[in-house]
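Peer 1: Shown below is the structure under consideration.
The values are calculated or read from the model by the stated rules, or taken from the named source; none is laboratory data. Owing to the predicted nature of the structure, the values given are computational and were not obtained by experimental measurement. For neighbour counting, all protein chains shown are included, and Cβ atoms are generated from backbone atoms with ideal geometry for every residue, glycine included. Areas reflect the complete protein model, heavy atoms only, side chains present, ligands, DNA and RNA absent. Shrake-Rupley method; radii C 1.70, N 1.55, O 1.52, S 1.80 Å.
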Amino acid sequence: MTVALITGANKGLGFETAKQLLELGHTVYIGARDVERGEKAAATLGARFVQLDVTDDASVRAALAVVGADEGVLDVLVHNAGILADGAVDGPAALRAFDTNAVGVVRVTEAALPLLRKSSNPVVVTVSSSMGSFWAVTNPDRPEFGLPLALYSASKAAATMLTVHYARSEPGIKFNALEPGATATDMTAAFGIGRPPEESARVVVRLATIGPDGPTGTLQDESGELPW
Ligand code: NAP
């Protein structure tokens, strides 16, 4: 039995990832910034709930304190919370995008490290995006080339880079970033694109359940490693 925490898991990809990890027998904590939405999602799935706003240090610390008090260990951490930031490109919008998509990864990782170090096979998965891949965004043959999502793209590049650095500084923990595939969630509803979240969640679950010999410091999609 392993213990997993997923941020932003009250809906979308995070919710489906929670569902699939539960089906595999993991103890799953749904992290959500809104108590009502989080408790409802947890009750629907039979998961546990912790209030967790990735932009709020006190909330993050309190959430990991709950997991620590209840379980004493964390085996799987999924950084899933994210925002698209597709409105105006200005300072406040940039701060919001980076606060959630990149600084949130630092806050939650730092708070989780003591519990992850207690696991026999600790794994961290960052749901980043191929929009944060310099290779994809500069490649005219890729769909990312034509998407003007500067703040999302830059903040996801930062999230992927953090994955690389954590993989190096914490060799006992596996850190991988991923592109889940275009998925029909609230985030993409305005574009009318994407496949069902169940399919993309399988990509997250595959990396969340890698064994002790699995990769670390990679960016992957469902086909394997992606160029940076
Ligand atoms: P979604 O349905 O909009 O879900 C986003 C989740 O993040 C929600 O639960 C949201 O909570 C939560 N969240 C936002 N800000 C938060 C904060 N400050 N603290 C805690 N939770 C917060 O979108 P999704 O498509 O499932 O996205 C999940 C992840 O996949 C994101 O990181 C996204 O960038 C990534 N991704 C998605 C796609 C895609 O095609 N959908 C492609 C590549 C990568 P609320 O309900 O409270 O807003």
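Peer 1: Pairing the Cα long axis of helix 150-169 with the longest principal axis of the chain, what angle in degrees results, from 0 to 90 and rounded to the nearest 10?
Peer 2: Result, in degrees: 50.
Peer 1: Against the longest alpha carbon principal axis of the chain, how many degrees, from 0 to 90 and to the nearest 10, is the axis of helix 35-45 turned?
Peer 2: Around 70 degrees separate the two axes.
Peer 1: Roughly how many whole Å is it from the C-alpha centroid of segment 19-45 to that of segment 208-224?
Peer 2: 23
Peer 1: Residue 174: which lysines have alpha carbons under 21 Å from its alpha carbon, excluding same-chain residues fewer than 8 sequence positions away?
Peer 2: 118, 156
Peer 1: I would also like to ask the following. What's the angle, to the nearest 10 degrees (0 to 90), between helix 12-23's Cα axis and the longest principal axis of the chain?
Peer 2: It is inclined by approximately 40 degrees.
Peer 1: Which of the lysines could be linked to residue 19 by a straight reach, that is with a Cα gap under 21 Å, when you skip same-chain ones fewer than 8 residues away?
Peer 2: Cross-link targets: 11, 40.
Peer 1: Is the shape of segment 3-225 best called rounded, prolate or oblate, per the rule: a/c under 1.5 gives rounded, else a/b larger than b/c gives prolate, else oblate, with a ≥ b ≥ c the square roots of the Cα gyration tensor eigenvalues?
Peer 2: Rounded.
Peer 1: Of 49, 175, which has the most accessible area with a 1.4 Å probe, and how do the rest follow in descending order?
Peer 2: Descending order: 49, 175.
Peer 1: Under 10 Å, Cα contacts only: if you run a Gaussian network model on the chain, which one of 181, 46, 146 comes out with the highest mean-square fluctuation?
Peer 2: 146
Peer 1: Further, regarding this structure: Report, to the nearest whole %, how much of the accessible area of the chain belongs to carbon and sulfur atoms, 1.4 Å probe, protein only.
Peer 2: Solvent-exposed carbon and sulfur of the chain make up 56 percent of the total.
Peer 1: If amide hydrogens are placed 1.01 Å from N in the peptide plane, which non-local residues have theirs closer than 5 Å to the one on residue 220?
Peer 2: 177, 178, 179, 226
Peer 1: Tell me, what HN-Hα J-couplings in whole Hz come from the Karplus equation 6.51 cos²θ - 1.76 cosθ + 1.60 at θ = phi - 60° for each residue of segment 119-128, using x for Gly and Pro?
Peer 2: Coupling constants for segment 119-128: 7, 7, 8, x, 9, 10, 10, 9, 6, 8 Hz.
Peer 1: Now for a separate question. With the contact rule set at Cα under 8 Å and sequence spacing of 6 or more, what percent relative contact order holds for the chain?
Peer 2: With pairs under 8 Å counted, the relative contact order is 19 percent.
Peer 1: 5 Å is the cut-off here: which amide hydrogens, built 1.01 Å from N in the peptide plane, fall below it relative to residue 28, excluding neighbours closer than 5 in sequence?
Peer 2: 4, 48
Peer 1: What does the charge count around residue 53 come to, taking other residues whose C-beta lies under 13 Å from its C-beta (Lys +1, Arg +1, Asp -1, Glu -1)?
Peer 2: Here the charged neighbours net out to +1.
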